[in-house]
Amino acid sequence: MKYQNLFENVKVAGQEMSKVSCEVVYDLLTELADEIIRQIPFLIAENSRDLALMDPADPKYDRLLLNESRLEAISADMLKVASLPSPLGKVTEERFMPNGLFISKITVPFGVVGVVYEARPNVTFDVFSLCIKSGNACILKGGSDARYSNEASVSIIKKVLKSFSLSPSTCELMPSDRESTHEMLNARGYIDVIIPRGSKQLIDYVAENSRMPVIETGAGIVHTYLDETADIMQATAVISNAKTRRVSVCNALDCLIVNSQQLNNLSGILMPLSEKNVVIYADEPSYAALNGKYPGNLLETATDESFGTEFLSYKMAVKTVNNLNEALEHIRMFSSKHSEAILSTDKASIDRFINEVDAAAVYANTSTAFTDGGQFGLGAEVGISTQKLHARGPMGVAELTSYKWIIKGNGQIRQ
């Protein structure tokens with residue numbers, strides 16, 4: 001194994017984390033947050049090397065971009081993580097057995113968390129802060145598009161780790177080539193869990209090739225259902241925010257499902273999207289409602305490929321339905337189980353939507369842009385889990401723990 005020494009060092013560093021106090025972790029993350037601010041010119045300069053190699057029209061460009069405000073936000077999120085209560089050592093169950101044994105169940109770290117991600121350099125700092133707060137070491141594998149940004153970030157992390165006399169192997173960055181991904185996915189016995197964060201193709205590749213347990217995150221094919229009773233003014237603002245706030249993220253709106261009774265209002269609801277040059281892929285009824293009202297150069301006829309697509313750009317599909325049943329069926333067919341929303345003033349419809357939609361985050365009368373660890377009060381996130389085992393939705397420090405059973409006795413033996 002080419003990287004066996006690296007894997008061994010991280011495993012040892014993960015074991016050493018059990019000796020690190022909550023106070024030290026707090027101080028370390030606070031110092032790292034300050035160091036990020038001090039190193040803003042360096043981080044932006046290294047990020048610009050990555051940006052120079054990418055077409056600004058590429059949807060990944062926005063995710064790759066680091067600027068002063070984004071780095072300040074990363075630093076602020078790190079301070080939030082630092083101030084969170086420790087997720088470790090929590091007793092979730094305890095009982096005395098008839099034979100006198102005292103059994104308890106307590107939260108513990110995974111040990112070593114591996115994260116594979118694409119052109120998202122903010123993930124480097126987010127993952128490290130969450131891992132060390134939850135008592136884990138981490139191995140990171142970023143995409144080649146963010147090579148210089150990730151290397152710069154990890155160099156700062158290692159500098160701060162050393163200043164606290166902690167092993168620099170507490171956070172390791174794999175080379176950005178594909179070979180290292182293969183090595184990482186086969187590091188069974190060294191890495192306890194793998195978390196992919198990125199496109200569906202990346203997530204599928206990791207899930208199919210990893211020899212360790214995988215927590216699938218990320219791919220978001222997001223729908224919002226515009227019910228016949230929806231408040232038009234509210235719906236207009238929510239849809240615009242869900243689609244255009246930041247198009248390159250997984251919680252951005254991909255498909256508006258519109259009740260046929262709202263077709264007369266559709267052009268007015270979608271008009272703010274035209275100001276951002278959002279291309280609409282409309283099915284036949286919605287195309288007829290928009291034709292001549294929504295800019296012609298931004299209106300196209302939907303095809304089968306328009307639905308079930310994560311656009312990650314200024315594009316959105318529109319599907320017309322006659323009732324809530326048809327809306328739910330469309331979501332069942334095309335959802336990635338990430339985030340789904342309903343806009344309605346009818347309580348029965350809202351309750352049914354919430355109960356029947358199978359997704360990590362289900363919204364009523366608000367934007368799906370809130371599917372985010374920071375917005376959920378978690379400080380930051382490793383990713384948005386779209387599966388059901390262990391963790392679901394935004395994954396913060398609590399989701400980076402497992403548990404163990406503690407059994408205390410007084411000489412009992414089993415007959």
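Derivation of every value follows stated rules applied to the coordinates shown; laboratory data play no part. From a predicted model like this one, the values you see are computed outputs, not experimental measurements. Here the Cβ is made from the backbone with ideal geometry for all residues, glycine too, and neighbour counts use every protein chain on show.
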Comparing Ser176, Ser385, Ser149 in a Gaussian network model of the chain (Cα, 10 Å), the one with the largest mean-square fluctuation is Ser176
Helix 232-244: inclination vs the chain longest Cα principal axis, degrees, rounded to 10, gives 50
XL table Lys159/Lys388; Lys11/Lys90; Lys2/Lys315; Lys159/Lys243; Cα-Cα > 32 Å flagged, in table order, is Lys159/Lys388; Lys2/Lys315; Lys159/Lys243
Longest principal axis of the chain (C-alpha) makes with the long axis of helix 147-163 (C-alpha) an angle, in degrees to the nearest 10, of 40
From fewest to most C-beta neighbours within 10 Å, the residues Arg392, Arg63 line up as Arg392, Arg63
Computed for the chain: size of charge dipole around the Cα centre, +1 on C-beta of each Lys and Arg, -1 on C-beta of each Asp and Glu, debye to nearest 20, value 1340
In a Gaussian network model of the chain with springs linking alpha carbons closer than 10 Å, the residue among Gly373, Gly268, Gly383 that fluctuates most is Gly268
Ranked on Cβ counts within 10 Å of their own Cβ, fewest leading, Tyr117, Tyr403, Tyr148 go Tyr403, Tyr148, Tyr117
Taking segment 232-279, the whole-percent share of alpha-carbon pairs separated by over 14 angstrom is 50
Computed over the chain, the relative contact order (Cα-Cα under 8 Å, seq sep at least six) in percent reads 18
Pseudo-spin-label distance Gln415 to Arg38, built 7 Å along Cα→Cβ, given in nm, is 6.7
Per the charge dipole of the chain (beta-carbon charges, Lys/Arg positive, Asp/Glu negative, Cα centre), the residue among Gly373, Leu28, Asn251 reaching farthest to the positive end is Leu28
Here the FRET efficiency for Thr366 versus Asp204, based on Cβ atoms and R0 = 35 Å and rounded to 0.05, is 0.70
Of 286-292, 167-173, 91-97, ordering from highest average Cβ density within 10 Å down gives 167-173, 286-292, 91-97
Taking the alpha-carbon centre of each part, the distance from segment 2-39 to segment 239-262 in Å is 39
If every Lys and Arg gets +1 and every Asp and Glu gets -1 at its Cβ, then about the Cα centre segment 67-163 yields a dipole, in debye to the nearest 20, of 280
Segment 222-370: relative contact order from alpha carbon pairs under 8 Å, six or more residues apart, as a whole percent, is 33
DSSP beta bridges in the chain: the antiparallel percent, rounded to 5, is 30
Checked against the positive end of the charge dipole of segment 312-415 (+1 on Cβ of Lys and Arg, -1 on Cβ of Asp and Glu, about the Cα centre), the farthest of Ala348, Leu389, Asn410 is Asn410
Nearest 10, in degrees from 0 to 90: the angle of helix 40-51 to the longest Cα principal axis of the chain is 60
Given unit charges at Cβ for Lys, Arg (+) and Asp, Glu (-), the dipole magnitude of segment 222-370 about its Cα centre in debye, nearest 20, is 500
Applying the gyration tensor rule to the Cα atoms of segment 222-370 (axes a ≥ b ≥ c; rounded if a/c under 1.5, else prolate if a/b exceeds b/c, else oblate), the class is rounded
